[in-house]
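Throughout, read-outs are computed from the coordinates displayed, never taken from laboratory work. Predicted model only: the values in this text are computed from it and were never measured. Here the Cβ positions follow ideal geometry from the backbone for every residue, glycine too, while neighbour counts run over all protein chains shown.
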């Protein structure tokens, strides 16, 4: 059944984008559990299997019912466009125990018997301890499963926001919402998200607008989050996930003869906008070498660059696309 988000005039002025490393950490945990989400993420899952074996995920899984409510205090909407994980974790650790207990009770009620389980009783009996334990588990998961790939993930998320921002400027909100996810639709001042829940929900935004949060691990779904007083949020799959964990495409022999092996590999590997750091990690080259090659390719008109946040993202121009034999790039 659908969720209807009713927009007023002020809400149209308060739509914004952000990224959240804490959100990605929790979505990574959900990906481990939901076999229908494995698709594109199978290479990541295979690589992370030893790390997962060393983690105790039970406290977080207890508060991730499917379907059902996950406590908002576990990852409130980011107040800034690109918070660090440390900033978001500090907010989690500072949660008021009374609020935490209220939200934990609501979440556990979604799973029969969860509140009466030994772990459920333990966490409800001491919500201050529960907050710190959940924060500790989240930090361990971040370090083991997400932080090693965060530069690559962050670049993909930032590239998505840059693309959506241009799309908003060209096509307005109607065009933006129409392209975010097949389950999202915009009509008559209402953004509708078709969910897997069995009840109809309507929510007036009351001037809070909507936060749009691209995610790697939420694929293949789009989900809504956060009750009042938090800003309503739509978490949707970022563009380019299909190529995220793949081995970079090998350039053709002709392209290697023309440009040399490293420049050819860089040009062939830019299926989505990427930073120097991400390309260096992906191709196993020194960042200084990649930077020099990118400058040459850009000066030759094969790449363009733009600053997004603290990073410079590179993408192929039409001549670069033609030379790489790509013919174009789009959503994965």
Ranked on Cβ counts within 10 Å of their own Cβ, fewest leading, 110, 23 go 110, 23
log10 I(q)/I(0) for the range 247-324, Debye formula on C-alpha points only (no solvent), q = 0.15, 0.16 Å⁻¹, two decimals, reads -0.43, -0.49
Out of 292, 82, 18, a Gaussian network model of the chain with alpha-carbon springs under 10 Å gives the largest mean-square fluctuation to 292
Among [x] 0.93; [y] 1.02; [z] 1.07, the entry matching Cα Rg over 2.2 N^0.38 Å as calculated here is [z]
Relative contact order of the range 100-259 (C-alpha contacts under 8 Å, at least 6 apart) in percent is 14 percent
Expressed in nanometres to one decimal, the distance between label points 7 Å along Cα→Cβ at residue 10 and residue 143 is 4.3 nm
Relative contact order of the chain (C-alpha contacts under 8 Å, at least 6 apart) in percent is 24 percent
Least to most buried among 20, 288, 117, by other C-beta atoms within 10 Å and fewest first, runs 288, 117, 20
Along principal axes, largest first, the alpha-carbon spread of the range 42-196 in whole Å comes out as 53, 38, 30
Helix 21-33 sits off the longest principal axis of the Cα atoms of the chain, rounded to the nearest 10 on a 0 to 90 degree scale, by 80 degrees
Here Rg/Rh (Cα, Kirkwood) for the range 135-174 equals 1.27
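Counting other beta carbons within 10 Å of each Cβ, put 296, 131, 210 in order, fewest first.
Details: 296 14, 131 24, 210 21.
Ranked by crowding around the Cβ, least crowded first: 296, 210, 131.
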Longest principal axis of the chain (C-alpha) makes with the long axis of helix 97-108 (C-alpha) an angle, in degrees to the nearest 10, of 90 degrees
Here the FRET efficiency for residue 170 versus residue 306, based on Cβ atoms and R0 = 22 Å and rounded to 0.05, is 0.90
Check: C-alpha center the range 233-278 vs C-alpha center the range 153-214, spacing in Å is 27 Å
In a Gaussian network model of the chain with springs linking alpha carbons closer than 10 Å, the residue among 321, 55, 124 that fluctuates most is 55
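Grab the beta carbon distance between residue 93 and residue 179, set R0 = 25 Å, and tell me the FRET efficiency rounded to 0.05. Present the calculation step by step, with values, prior to reporting the outcome.
Details: r = 37 Å, r/R0 = 1.48.
Efficiency, rounded to the nearest 0.05: 0.10.
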In nanometres, the difference between 0.36 nm per residue of separation and the alpha-carbon distance of residue 258 and residue 128 is 40.5 nm
Rounded to the nearest 0.05, FRET efficiency between residue 33 and residue 286 (Cβ-Cβ, R0 22 Å) equals 0.05
Under the 7 Å Cα-to-Cβ spin-label approximation, residue 187 and residue 298 lie apart by a distance in nanometres of 4.5 nm
